Amino acid sequence: MATSTLYDPVAIGALRLANRLAVAPMTRVSALADGRATAQMADYYGDFAAGGFGLVITEGVYTDQAYAQGYLLQPGLADNAQRDAWRPVVDRVHASGGRIIAQLMHAGAISQGNPHRPNAKGPSAVQPKGMQMSFYRGEGAYRLPEALSLAEVNDAVAAFAQAALRAKAAGFDGVELHGANGYLLDQFLTDYTNQRTDGYGGGLAHRLRLGVETIQAVRRAVGADFTVGYRVSQGKVNDFTHKWAGGEPEAALIFKTLSAAGIDYLHTTEFEAWQPAFGAGPSLAALARQHGTVPVIANGALHTPSEAVGMVDRGEADLVSLGRGALTHADWPHRLRNGLVLQAFDRALLSPIADLANAERLRGGPRTPA
């Protein structure tokens, strides 16, 4: 099987990448209690760059010390101490020739571990579907959230912009705004979680408003030469099978609107990236590439090489991001290129807690410094 397309260079905004293989953002709940990144995290992220991934996208990083944090021991970019703690991580990735983007996240209504506030807030006081995730230290049903006031919405947007500035100061090559998987920006987009009657609720254009304003605020803060991406999904961590009610026309408007707001790439994620987004027809990534105006990263079970190559060769994506494949082999790109065995993903890596300590136990203890 030809894999050469995956190793072609590519640009997203001003950022030039050595290949089309990215590490997908994956929550690892392994920061210090105050949200600072650790030496263990530097090892973790650095190994992906050393293993040949052209781009590493961090786990979701919380943006403020109000309602953004989703999980205990989640890393942040909400203050300068957290900013400074990321610098060794960034340096490790750069030292191995990789590039690294910080994913900025506000958990909103599905926050299950936030030491800054005792309650969760989202677009509306709507009970989230599903149950909290035990492998991120959650238990039981999600709390009933309160609705964010207009002032709090503005604060959340400003916090995204400030976190992006801290990411730039820490040396990151860009930021990705987490508008997927049921977190705050996605909650505003989703019809049943957004019951607002002000300018942020109602029709699709209004439900997209928070995402657009967040993109614009971040772009103003970081300038034109700093890469800004946006992650999009239909399904959510608490509602895996959700689909946009408007089908392809709704997808077209979403991708056109987000592209026009000032981003450099779209990052789509589905359970299986190559499958039709709406039962038949194009995949979500293909729709993003058709209706958007920026490069597309596709995510979803692309650790099978033929599927990864197919997404790029068919023109459905410009890059692919791997989650399970990268967790199994930090050197997945080198292994594929050199014809080495790619093992199946071991779900024990995420159980009982999906953290780095559990992964090290499974692999026989901490890595030995070179």
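Criterion first (on the phi < 0 side of the Ramachandran plot, surrounded by fewer than 21 Cβ atoms within 10 Å (Cβ to Cβ) and of a type in the set (A, V, I, L, M)) does V320 satisfy it?
So V320 fails the test.
So, in the stretch 195-226, of the ones that are assigned to a loop (DSSP other than H, G, I, E, B) and polar (S, T, N, Q), which residue ends up most open to solvent (accessible area, probe 1.4 Å)?
Looking at residues that are assigned to a loop (DSSP other than H, G, I, E, B) and polar (S, T, N, Q), I get T197.
Does the stretch 183-190 contain at least one residue that is open to solvent by less than 50 Å² (accessible area, probe 1.4 Å) and more than 30 Å from L253 (Cα to Cα)?
Looking for residues that are open to solvent by less than 50 Å² (accessible area, probe 1.4 Å) and more than 30 Å from L253 (Cα to Cα), one finds none in the stretch 183-190, hence no.
Taking the stated definitions as given, is A66 surrounded by 20 or more Cβ atoms within 10 Å (Cβ to Cβ) and hydrophobic (A, V, I, L, M, F, W, C)?
When the stated conditions are applied, A66 does not pass them.
Mind listing whichever residues of the stretch 267-309 are among the polar types (S, T, N, Q) and surrounded by 23 or more Cβ atoms within 10 Å (Cβ to Cβ)?
T268, S283, N299
Scan the stretch 118-138 for residues that are part of a strand (DSSP E or B) and buried (at least 16 other Cβ atoms within 10 Å of the Cβ) and jot them down.
Passing the criteria: K121, G122.
Give, as residue ranges, the helices (runs of 4 or more DSSP H) completely inside the stretch 302-370 that count at least 3 residues that are under 30 Å from S134 (Cβ atoms) and charged (D, E, K, R).
Because the criterion is at least 3 residues that are under 30 Å from S134 (Cβ atoms) and charged (D, E, K, R), no helices (runs of 4 or more DSSP H) in the stretch 302-370 meet it.
Only residues that are in contact with a Ser or Thr (Cβ under 8 Å, 6 or more places away or on another chain), within 11 Å of P75 (Cβ to Cβ) and open to solvent by 30 Å² or more (accessible area, probe 1.4 Å): list them for the stretch 1-37, please.
L32
So, T328, is that one within 30 Å of L362 (Cβ to Cβ), among the polar types (S, T, N, Q), at pLDDT 95 or above and open to solvent by 10 Å² or more (accessible area, probe 1.4 Å) or not? Give the steps one after another, and end with the answer.
Values: within 30 Å of L362 (Cβ to Cβ): yes; among the polar types (S, T, N, Q): yes; at pLDDT 95 or above: yes; open to solvent by 10 Å² or more (accessible area, probe 1.4 Å): yes.
In short, yes.
Does R83 meet the test of being among the basic types (K, R) and closer than 18 Å to N358 by Cβ?
So R83 does not fit the description; no.
Scan (1) open to solvent by less than 10 Å² (accessible area, probe 1.4 Å); (2) more than 28 Å from P305 (Cα to Cα); (3) not aromatic (F, W, Y) for the single condition G60 breaks and write down its number.
(2)
In this structure, does A42 turn out to be part of a strand (DSSP E or B), small (G, A, S), open to solvent by less than 20 Å² (accessible area, probe 1.4 Å) and closer than 19 Å to G97 by Cβ?
Judged against the criteria, A42 is not a match.
Run G229 past the list (1) buried (at least 20 other Cβ atoms within 10 Å of the Cβ); (2) touching a His at 6+ places or on another chain (Cβ under 6 Å); (3) part of a helix (DSSP H, G or I) and report the number of the one that doesn't hold.
Exception for G229: condition (3).
May I ask you to verify whether F53 is crowded, with 24+ Cβ neighbours inside 10 Å, outside any loop (DSSP other than H, G, I, E, B) and out of contact with any Phe, Trp or Tyr (no Cβ under 7 Å at 6 or more places or on another chain)?
Taking the combined requirement at face value, the residue does not satisfy it.
Taking the criterion of being open to solvent by 50 Å² or more (accessible area, probe 1.4 Å), within 23 Å of E152 (Cβ to Cβ) and of a type outside the set (D, E), would at least one residue in the stretch 90-112 satisfy it?
no
The values are calculated or read from the model by the stated rules, or taken from the named source; none is laboratory data. Because the structure is predicted, anything quoted here is derived from the model rather than measured. Note: ideal-geometry Cβ built from the backbone for every residue, glycine included; neighbour counts use all protein chains shown. Side chains are part of the model used for accessible areas, which takes the heavy atoms of the whole protein and leaves out ligands, DNA and RNA. Shrake-Rupley method; radii C 1.70, N 1.55, O 1.52, S 1.80 Å.
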